[in-house]
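One structure below.
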Amino acid sequence: MICVSIGRGRHKHMIAEHRHLVEQGAELVELRLDYIDREVNVKRLVVDRPCPVIITCRREADGGKWRGTEEDRLTLLRMAIAEGVDYVDLEEDIADSIPRFGKTRRIVSLHDFQKTPDDLEKIRDRLCQLDADIVKIATMANNPHDNFRMLRMIASSPVSTVGMCMGEIGTPSRLLSGRFGAPFTYATFHHERALAPGQLSFRQMREVYHYDDINSETEIYGVIGDPIGHSLSPLLHNAAFRREALNKVYVPFRVPASHLDEFIRDCRELGVKGLSVTIPHKEAVLRHCTRVDGAVKGIGAANTLVFEDGEIVGWNTDYRAAMISLDRELKTQERPTPLAGHQALVLGAGGAARALAFGLRRRGADVVICSRTRQRAEKLAKDIGCRALAWDDRSKVKAEVVINATPIGMHPNVDESPLDKNHLRPNAIVFDTVYNPEQTLLIKQARKRPCRVITGVEMFVGQAALQFKHFTGMDGPVDFMREQMKRAIGAVKY
């Protein structure tokens, strides 16, 4: 179950949002009395409530907005209990001073906005002793391991426990807490009005992650990277899982490079079945793979990990999706290897550039690598067996295939292009791996030359569909995934 937190300055707005949420399917809401900017009328808020409520009045020290006296705050909480509210949230230090009364259930809570303490289990056991029906612990995640500790604590709790890590790194704990036994998790009314760091909206929790369908048997998948908040992979994979009626969830894991090794070890305990891998981990994850496919060996990077039978198997679906897209564009040519002898310019030297350069070399193209970091370009060129040029010399390459494998042109910098339009040869193939927006400035200019174009949407959807195959053994629903992605990026206004 999802508890939606409402924090508004006026009673009527809080009541209106409460009713709206119930119409949208909410089963539990938290009314934050500390957000009301006038004298609080508890009875008005709860007398005709359309669904169960949690009454909370949080002090500033605990992340709230209450600026009145502590005596007045405790009076409000006692009034809520007297009105027969369904739940009341009591911090650890006041739980003993507010006795149980009537049918109101007690949530005894602790918040730490600096860290996730080392002694989570001891804290939980301490809260359990305060006549708690539900224990709530919310802490700040400073590394991915904090999520695993929080979920492990929930699973071993003798009292029903709501646990979550705050901040972007803590998002997985919010999404997976129900799988490990939490009675509910928290969401906000709207993604732009989060009441706690890293809080997702009710709509995201339901429509993207289908939180209410997650249970103890749900298999866990996800994407790892840093940053990760922009990724559309959760949207595509969760939609595809739901379409095929698979009991799986796909979660974003923000994993800084310094925590990658610990994260991979934690995945085994958590029961993660598969991962998509993005910047900056595509090369580093290889040290954890017990087996890889031929493309990964040649490229030196993997974008997909599958955990099976005690092994970690690495795949590179970037490569296969990119080559499928190129082959489709070249299918009208009669030569069996239509790229052979043609000059290809690859802009960038990251994981996607590696995959594309490797595929182009295997098809006989004369590949030139240009990166804003010359050292990385030279290393990639050496690894793949091609040439590297300085970034400022990229316009000197008379390329018949141009690949943008940099983030240049990505939202919000949509007015940027990695190559001047005057250096695009008519009838060349221009392949931009940027997918948001799909119609980048480079793609728009290439169409006018005119060039043949391949957008990042085709590659992204293609690699995701291949990952879906590795994750499930089923063919990925390419057309459906493309529709989901275009709908998502189409909602962004430029």
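The values are calculated or read from the model by the stated rules, or taken from the named source; none is laboratory data. None of these values were measured; they are calculated from a predicted model. Cβ atoms come from the backbone with ideal geometry, glycine included; neighbour counts cover every protein chain shown.
Would you please list the contacts, defined by Cβ atoms under 8 Å and residues six or more apart or on different chains, that run from a residue in region 312-325 that is closer than 21 Å to Ala284 by Cβ to a residue that is part of a loop (DSSP other than H, G, I, E, B) and aromatic (Phe, Trp, Tyr)? Listed by first residue and then by second, the contacts come to nothing, as the list is empty.
Close Cβ contacts (under 6 Å, 6 or more residues apart or on different chains) running from residues in region 91-118 that are touching a residue at least 40 places away in the same chain (Cβ under 8 Å) to residues that are assigned to a helix (DSSP H, G or I) and not small (Gly, Ala, Ser) comprise His111/Asp62; Thr116/Asp146.
Scanning region 404-414 for residues that are in a loop (DSSP other than H, G, I, E, B) and more than 15 Å from Phe358 (Cβ to Cβ) gives Thr406, Pro407, Ile408, Gly409, Met410, His411, Pro412, Asn413, Val414. The lone criterion from (1) surrounded by 16 or more Cβ atoms within 10 Å (Cβ to Cβ); (2) polar (S, T, N, Q); (3) at pLDDT below 95 left unmet by Ser97 is number (1).
Here is a check on your reading of the model: is Ile299 aliphatic (A, V, I, L, M), at pLDDT below 95 and surrounded by 21 or more Cβ atoms within 10 Å (Cβ to Cβ)? Yes; evaluated as a whole, the condition is true for this residue. Within region 373-420, restricting attention to residues that are more than 19 Å from Pro450 (Cα to Cα) and among the basic types (Lys, Arg), the residue that is surrounded by the most Cβ atoms within 10 Å (Cβ to Cβ) is Arg394. Take Ala428 and decide whether it is in contact with a Leu (Cβ under 8 Å, 6 or more places away or on another chain), of a type in the set (A, V, I, L, M, F, W, C) and closer than 20 Å to Arg361 by Cβ. Answer is no for this residue. In the list Ala355, Ala344, which residue meets the criterion of being part of a strand (DSSP E or B), in contact with an Asp or Glu (Cβ under 9 Å, 6 or more places away or on another chain) and surrounded by 14 or more Cβ atoms within 10 Å (Cβ to Cβ)? Just a single option satisfies the conditions, and that option is Ala344.
Do we find that Arg58 is surrounded by 14 or more Cβ atoms within 10 Å (Cβ to Cβ), in contact with a Phe, Trp or Tyr (Cβ under 7 Å, 6 or more places away or on another chain) and of a type outside the set (Val, Ile, Thr) in this structure? Spelling it out, Arg58 is indeed surrounded by 14 or more Cβ atoms within 10 Å (Cβ to Cβ), in contact with a Phe, Trp or Tyr (Cβ under 7 Å, 6 or more places away or on another chain) and of a type outside the set (Val, Ile, Thr). Scanning region 4-34 for residues that are within 18 Å of Leu74 (Cβ to Cβ) and either touching a residue at least 60 places away in the same chain (Cβ under 8 Å) or in contact with an Asp or Glu (Cβ under 9 Å, 6 or more places away or on another chain) (or both) yields Arg32, Asp34. Criterion first (farther than 15 Å from Ala352 by Cβ and outside any helix (DSSP H, G or I)) does Pro437 satisfy it? Yes. The residue list Thr139, Thr116 contains one member that is of a type outside the set (Lys, Arg), surrounded by 22 or more Cβ atoms within 10 Å (Cβ to Cβ) and not in a strand (DSSP E or B), which is Thr116.
When region 386-403 is filtered for residues that are assigned to a strand (DSSP E or B) and without any contact (Cβ under 8 Å) to a residue 24 or more places away in the chain, the ones remaining, listed by number, are Arg387, Ala388, Leu389, Ala390.
Among the residues making up region 242-253, those that are out of contact with any Ser or Thr (no Cβ under 7 Å at 6 or more places or on another chain) and either in contact (Cβ under 8 Å) with a residue 60 or more places away in the chain or over 15 Å from His210 (Cα atoms) (or both) are Arg243, Glu244, Val251, Phe253. Is there a residue being among the polar types (S, T, N, Q) and at pLDDT 95 or above anywhere in region 334-342? The answer is no, given that none of the residues of region 334-342 is among the polar types (S, T, N, Q) and at pLDDT 95 or above. Restricting attention to region 282-295, the residues being modelled with pLDDT under 95 and part of a helix (DSSP H, G or I) number 2.
Only one residue in Lys486, Lys444 is surrounded by fewer than 17 Cβ atoms within 10 Å (Cβ to Cβ) and in contact (Cβ under 8 Å) with a residue 12 or more places away in the chain, so which one is that?
Result: Lys486 is the single residue among Lys486, Lys444 that is surrounded by fewer than 17 Cβ atoms within 10 Å (Cβ to Cβ) and in contact (Cβ under 8 Å) with a residue 12 or more places away in the chain.
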